[in-house]
1. Expected output is a single nm value to one decimal: the length gained when fully extending between Phe42 and Glu3, i.e. 0.36 nm times separation in residues minus the C-alpha distance. What is it?
2. What's the FRET efficiency of Phe65 with Val112 using the Cβ-Cβ distance as r and R₀ = 22 Å, to the nearest 0.05?
3. Which trypsin sites (Lys or Arg not before Pro) in region 28-73 sit in a loop by DSSP (not H, G, I, E or B) and have at most 12 other Cβ atoms within 10 Å of their own Cβ?
4. Can you say what percent of the DSSP beta bridges in region 1-61, counting only those with both residues inside, are antiparallel? Round to 5.
5. Quick one: if the Förster radius is 22 Å, what FRET efficiency do Ala10 and Ile101 give, using the C-beta to C-beta distance and rounding to 0.05?
6. Between Rg and the Kirkwood Rh of region 1-84, both from Cα atoms, what is the Rg to Rh ratio?
7. Which ³J(HN,Hα) values in Hz, rounded to whole numbers, follow from the phi angles of region 25-40 under the Karplus curve 6.51 cos²θ - 1.76 cosθ + 1.60, where θ = phi - 60° and Gly and Pro get x?
8. Filter the chymotrypsin sites (Phe, Trp or Tyr not before Pro) in region 66-113 down to the DSSP loop ones having no more than 16 other Cβ atoms within 10 Å, then list what survives.
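Bear in mind that the values in this text are calculations on the coordinates, not laboratory data. Just so it is clear, the structure is predicted and the values come from calculations on it, not from any experiment. Counting neighbours? That spans all protein chains shown, and the Cβs are built from the backbone with ideal geometry, glycine included.
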Amino acid sequence: MEELLEMADAIGVTVEYAKLESRDGEYRHDLKRIRLRDEMTFRKERSVLAHELAHAIWEDVPSRFGPVNARQERRADEWAALRLITLDGYRESEQRWDGHIAAMAYDLAVTVGLVKAFQRILHRIGDTSYVAPRMGVGQWVHKVEV
């Protein structure tokens, strides 16, 4: 959590807590401010902060065009998942809980949504797992022989 707060400070974004009614967090680019709902659990607060921090890093501004917002939300979840979940931690948790997503989320101290986001960027081909692969040889964030 401290690392995320330091990252926010490094890019000039303030983080404050408020009584948000309809959401857990929000990022306002014009104010360079992240607001988080008061009294969330540690894993939810950590996940939401990382998600909102991704919006700040990408300088996301809500759009009236739904697909743009959906893309921004997907990207923020995937960015947050890559910062909060390690491949080794994911693998151990998946084995321990036999792929039960809710148990894995609790074990990894993140939300179910971030576990699902991590799964979206994890590709298994044969005996190898790739994290966030792209086209071309050597184009991945991480590769593990299983």
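1. Numbers: separation 39, 0.36 × 39 = 14.04 nm, distance 1.42 nm.
Result for the pair: 12.6 nm of gain on full extension.
2. Details: r = 27 Å, r/R0 = 1.23.
FRET efficiency, Phe65 to Val112: 0.20.
3. Arg64
4. Of all bridge pairs located within region 1-61, approximately 45 percent are antiparallel.
5. 0.10
6. With Rg and the Kirkwood Rh in hand, the quotient comes to 0.93.
7. Values per residue, Gly and Pro as x: x, 7, 10, 10, 5, 5, 9, 6, 9, 10, 10, 10, 5, 4, 6, 8 Hz.
8. Passing sites in region 66-113 are Trp97.
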